[in-house]
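The values are calculated or read from the model by the stated rules, or taken from the named source; none is laboratory data. Since the model is a prediction, treat every value here as computed from it, not as a measurement. No Cβ is skipped: glycine too gets one built from the backbone with ideal geometry, and neighbour counts run over all protein chains shown.
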Amino acid sequence: MSTARNPRPIAPHPVTSHVYRDFARLAGEALAAGLVVSLALALAIFIVATSAQAAETPPGQGTLLLKFEAGAPPVAASLLFTHVDISVTGITARATVTQRFARSPRK
């Protein structure tokens with residue numbers, strides 16, 4: 001009588017090298033796609049961006065204009081300081097703005 005045992009077949013490991021290879025390929029493709037999109041967006045920003053330039057505008061809000069003679073254009077007074085007091089209560093904000101101007105000599 002033969003008591004030889006048939007060895008059980010060994011099941012392959014569920015995580016084999018092809019899984020790692022597929023993951024590495026996926027990571028590489030994601031990195032490449034991210035780089036391409038980043039470069040495209042950077043190029044678009046450089047194409048669209050322009051240099052900022054200050055606009056020549058007349059005096060606006062907060063400017064005291066003095067008129068010395070009839071028919072003469074008004075002259076902006078020199079601003080010495082601006083003080084802002086803001087009080088916030090809930091959703092209500094109250095602001096008081098105080099400005100002091102220098103007396104401009106008559107021309």
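In table form, for the structure just shown:
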{"read-out": "Cross-chain or 6+ apart pairs with Cβ under 8 Å, segment 64-76 first and assigned to a strand (DSSP E or B), then polar (S, T, N, Q) and surrounded by 11 or more Cβ atoms within 10 Å (Cβ to Cβ)", "value": "LEU66/SER104; VAL75/SER104; ALA76/THR63"}
{"read-out": "Which numbered condition LYS67 misses (of (1) surrounded by 10 or more Cβ atoms within 10 Å (Cβ to Cβ); (2) modelled with pLDDT of 80 or more; (3) under 37 Å from the mean Cα position of the chain (by Cα))", "value": "(3)"}
{"read-out": "Any chance HIS18 is part of a loop (DSSP other than H, G, I, E, B) and either modelled with pLDDT of 90 or more or out of contact with any Asp or Glu (no Cβ under 6 Å at 6 or more places or on another chain) (or both)", "value": "no"}
